[in-house]
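Undergrad: Would you mind keeping the following structure in view while I ask a few things?
The values are calculated or read from the model by the stated rules, or taken from the named source; none is laboratory data. Just so it is clear, the structure is predicted and the values come from calculations on it, not from any experiment. Note: ideal-geometry Cβ built from the backbone for every residue, glycine included; neighbour counts use all protein chains shown. Calculation scope for accessible area: heavy atoms of the full protein, side chains included, ligands and nucleic acids excluded. Shrake-Rupley method; radii C 1.70, N 1.55, O 1.52, S 1.80 Å.
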Amino acid sequence: MTPTLNTLLTGLEQRGKDNDARVSERRRKYLNITRDTGEFLAVLVKAIRAGRVLEIGTSNGYSTLWLASSLNNGGRVVTVEFDNDKIGEAKANFQRAGLVDRIEQIKGDAVTYLRGNTATFDLVFLDADRSQYLDVADRIMEAVKPGGVLVCDNALSHAAEMADFIAHLQQHPRFTTCLVPVGKGEFVAYKSCL
């Protein structure tokens, strides 16, 4: 990680904490991942040599920067966000980090995007409205290419909200799953090539 990117990430971490402590309206909160979750995602992207990453829930782009900065040259993150203000703020952060060429921003909601897109990805990172995950669980599983990985944030902090979705994936024979106690809890599912 370059010193410039580290400085940007550190600033975004503090801004996120300050903002989320100050505002009460959920839509205006950033709800960023923790730094150790970012580090975990970076290692995972590098370990599986991910070339195509899908992120559901951009917010201000903090997690996107971890993902995009870990890609090999030519890799790309497709990130989906519905809030115009957050899209604009994320775009500015991507420009500041010099990673615009690795990121494709999609304006829209997760359900519509997932139902209308048949692309597959090496890594899919879910960090959005957890109440919608079960409704599109099959499409989420299809979006993970064989040999790819699904990571869901908030698996410990919001365990009750995630329980049905996690149970659904755990019952699928092509997925090997685990819960990683990093940050707010990361549910990780590997899709077999068989």
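Undergrad: Name the residues in region 58-85 that are out of contact with any Phe, Trp or Tyr (no Cβ under 8 Å at 6 or more places or on another chain) and either surrounded by fewer than 24 Cβ atoms within 10 Å (Cβ to Cβ) or free of Cβ contacts under 8 Å to residues at least 24 places away in the same chain (or both), would you? Steps first, please.
TA: To start, the set of residues in region 58-85 that are out of contact with any Phe, Trp or Tyr (no Cβ under 8 Å at 6 or more places or on another chain) comprises 58, 66, 69-77, 79, 81-85.
Within region 58-85, Ser69, Ser70, Leu71, Asn72, Asn73, Gly74, Gly75, Arg76, Phe82, Asp83, Asn84, Asp85 meet the criteria.
Undergrad: Within region 131-146, count every residue that is in a helix (DSSP H, G or I) and in contact with a Lys or Arg (Cβ under 8 Å, 6 or more places away or on another chain). Break it down stepwise before answering.
TA: The initial filter retains those residues of region 131-146 that are in a helix (DSSP H, G or I), namely 131-132, 134-143.
Now narrow it down to the ones that are in contact with a Lys or Arg (Cβ under 8 Å, 6 or more places away or on another chain): 136, 139, 141.
So the count comes out to 3.
Undergrad: Taking region 147-185 on its own, how many of its residues are part of a strand (DSSP E or B) and either farther than 20 Å from Arg52 by Cβ or open to solvent by 40 Å² or more (accessible area, probe 1.4 Å) (or both)?
TA: Number satisfying all stated conditions: 5.
Undergrad: Inside region 86-118, can you point out the residues that are open to solvent by 80 Å² or more (accessible area, probe 1.4 Å) and in contact (Cβ under 8 Å) with a residue 12 or more places away in the chain?
TA: Quick first cut of region 86-118, residues open to solvent by 80 Å² or more (accessible area, probe 1.4 Å) only: 91, 95-96, 101, 107, 112, 115, 118.
Residues satisfying the conditions are Lys91, Arg96, Lys107, Arg115, Thr118.
Undergrad: Residues that are out of contact with any Ser or Thr (no Cβ under 6 Å at 6 or more places or on another chain) and under 24 Å from Pro181 (Cβ atoms): find the helices (runs of 4 or more DSSP H) completely inside region 1-120 holding 3 or more of those.
TA: In region 1-120, 3-22, 35-47, 62-69 are the helices (runs of 4 or more DSSP H) which contain 3 or more residues that are out of contact with any Ser or Thr (no Cβ under 6 Å at 6 or more places or on another chain) and under 24 Å from Pro181 (Cβ atoms).
Undergrad: Another one. Of the residues in region 1-15, how many are farther than 14 Å from Leu65 by Cα and surrounded by 12 or more Cβ atoms within 10 Å (Cβ to Cβ)?
TA: Looking only at region 1-15, we keep the residues that are farther than 14 Å from Leu65 by Cα, and these are 14-15.
The next check asks that each one be surrounded by 12 or more Cβ atoms within 10 Å (Cβ to Cβ); those that pass are 15.
Residues flagged as farther than 14 Å from Leu65 by Cα and surrounded by 12 or more Cβ atoms within 10 Å (Cβ to Cβ) within region 1-15 amount to 1.
Undergrad: Same structure, new question: Could you please find all residues in region 117-133 being more than 18 Å from Lys191 (Cβ to Cβ) and not basic (Lys, Arg)?
TA: Step one: of region 117-133, the residues more than 18 Å from Lys191 (Cβ to Cβ) are 127-132.
Asp127, Ala128, Asp129, Ser131, Gln132 - these are the residues of region 117-133 that are more than 18 Å from Lys191 (Cβ to Cβ) and not basic (Lys, Arg).
Undergrad: What's the number of the condition Phe125 fails, among (1) in a helix (DSSP H, G or I); (2) touching an Asp or Glu at 6+ places or on another chain (Cβ under 7 Å); (3) open to solvent by less than 10 Å² (accessible area, probe 1.4 Å); (4) within 24 Å of Phe175 (Cα to Cα)?
TA: (1) is the only condition that Phe125 fails.
Undergrad: Can you pull out the residues in region 1-36 that are modelled with pLDDT of 90 or more, more than 23 Å from Cys152 (Cα to Cα) and among the β-branched types (Val, Ile, Thr)?
TA: Thr7, the sole residue that qualifies.
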